1. Return one whole number: the accessible area per residue of region 184-286 in Å², for a 1.4 Å probe.
2. For region 308-354, give the percent of accessible area contributed by carbon and sulfur heavy atoms, probe 1.4 Å, rounded to a whole number.
3. Place the peptides 316-322, 374-380, 430-436, 341-347 in order of packing, highest mean first, counting for every residue the other Cβ atoms within 10 Å and averaging per peptide.
4. Equivalent-ellipsoid semi-axes (√(5λ), Cα gyration tensor) for region 79-176, whole Å, largest first?
5. Once you have all Cα-Cα distances for region 184-286, histogram them in 10 Å bins from zero and send the whole-percent values.
6. Using only Cα atoms, what Kirkwood radius does region 36-104 have, in angstroms?
7. Which residues among region 169-198 fall inside the zone where the amide N is under 13 Å from a point 7 Å beyond the Cα of Glu120, along Cα→Cβ?
8. Where the centroid of each part is defined by its Cα atoms, how far is region 329-351 from region 110-153 in Å?
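The values are calculated or read from the model by the stated rules, or taken from the named source; none is laboratory data. All of these numbers come straight from a predicted model, not from anything done at the bench. Glycine gets a Cβ as well: all are built from the backbone with ideal geometry, and neighbour counts include every protein chain shown. For the accessible areas, the whole protein counts, side chains as well, though only heavy atoms, and no ligand, DNA or RNA atoms are used. Shrake-Rupley method; radii C 1.70, N 1.55, O 1.52, S 1.80 Å.
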Amino acid sequence: DQDAGINGDISYQFSEAVSQRDSAFEIDLKTGEIKLTKPLDFEAAQTHELSVRARDGGGLSAICKVLVEVLDVNDNAPELVVSSFSSPLPENSAPGTVVGLFTVRDRDAGANGKVSCALEDQLFFSLRPAYKNYYELVTVSALDREETAQHILTVTAADAGSPPLTTTQTFTVDISDVNDNAPVFNQTSYTMYVRENNVPTVLVGAVSAADADVGLNAKVTYSLLPAQAAERPSCSCLSVNSENGQVFVLRALDYEQLRQSEVVVSASDAGSPALRANVTVRLVVLDENDNAPLVLYPAQDSSPASSELVPVSAEAGYLVSKVVAVDADSGQNSWLSYHLLRATDPGLFAVGAQSGEVRLRRPVTERDTVKQKLVVLVRDNGRPPLSATAALSALLLKDFSDVRQPHSSPATEDEEAGSLTTYLIISLVFVSLLFLVSTAAFIARRLCKRKELKAGHVLYGADNLQSGLADAAAAGTLPHAYCYEISLTTGSGNSEFKFLKPIVPSLPPQPCALGGGTSEEQGFPCVPVPTEDVTPDNAGTLSAEHFN
């Protein structure tokens, strides 16, 4: 609008006639943009005519018409309508027999509406155009009920759109039957597996046979055929269910005695005459780790085993012996490994984990024991693993001519070791008893002496002794005055005297004698005087044997 101000402001709206209808369009009052309010359908309306009015602020307006053309898109799949269909068909129907009649259509236009039909399986049937969009489903070859009892035909109708839309229609055609077909197994042979030591009557698998016939002609029963006389007898441990073909093992099997067995299973129908088919079933027994390794060398029987001779000059890596063992199991259950379990000197020998070879780990020294005993552990690789032990001995000799000493068997050596242990125990008990008796005698002796001393009349005391010596010195019987200190214990076996320095060292020493009566009369103990000279130089502790 060329006007200015309000007169130049323009607003847009649909005309009254358009707005009264249920329109799929809306217009923006300010910008005049026309937008959809809901999806358009080409099949419902291919064009839409809109009347738009533009009005300014002064009340002037103008009208224009907008024509909207709807473009078709491929949004409709083809439709397939069956007019007639015949089933079942007898197997003696001639080629060209019409089985079904149907028509196809598409609501889209142009290339989107062009429809083509196709049949997936054209071995026995095919499609034949009839009139315009009509098609016929016809047979192209003779039908055989024994080959195919039921034909499932899939017809696909597709348009020419991008991307194309398709519709499928399935036709199931049943064929009439006569009993001219034998049962057929779903496999040419069966292999079933069972672990040894199985539970009796365990299910190991099933055989299955199908008969192309129907009714009684298709009812299949299963049975075991007896073995031919020329063949080796089959295992009597298998049984087959006559109804469903399940195969059972009737008893526990041992892999080491029976590793596999074959039987013949027969499937027969109930027609007249009955037709049958046979199949071979092979039963394979799987190994379990139920056998421990068996040591072949060195022999582990009760007979004395010979000792391996090893020169003391042998270097590290010297082959001493080889443990040979076998396992009755198979697979990894029979894989054996060797380990040094015990040895007199474990650091002297090494055992090959896979070979079982016993070799020197280091050179022989003089400190090594001449007779070496080894115990090798042989273990399989089963789960759980089983093991056995092999005991062997080796003699370390400077010269092989030294082999003169008798080799005792392990049992004899064990008996000798047991006897030595018994002697040691007896000796230990005897020494213990002797010690206890000696201790008891010593304690009893001490107790008896103590009682004798307590019961005696001789009393030893420092005060009585010093007073007695003083009186004797005053009487002139002792030319020198000495001070004697006696230290005694009640239970002492001998008396000890400690002589101190003389009080008057200027007097010459003279023999001392006690007079004036006996000790009992004078009231103090008699102190013996040493027969040898006592000087300050030799004064000390003297035992009783120095005195008369």
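1. Working: 5810 Å² over 103 residues.
Value for region 184-286: 56 Å² per residue.
2. Details: 1300 of 2290 Å².
Of the solvent-accessible surface of region 308-354, carbon and sulfur hold 57 percent.
3. On the way: 316-322: 15.9, 374-380: 21.0, 430-436: 10.0, 341-347: 14.3.
Ranking, from highest mean packing down: 374-380, 316-322, 341-347, 430-436.
4. On the way: eigenvalues 158, 30, 21 Å².
For region 79-176, the semi-axes come out at 28, 12, 10 Å.
5. 15, 45, 29, 10, 1
6. Numbers: mean 1/r = 0.0551 Å⁻¹.
Answer for region 36-104: a Kirkwood hydrodynamic radius of 18.2 Å.
7. Counting backbone N atoms under 13 Å from the label point, the list is 169-172.
8. One Cα centre to the other: 75 Å.
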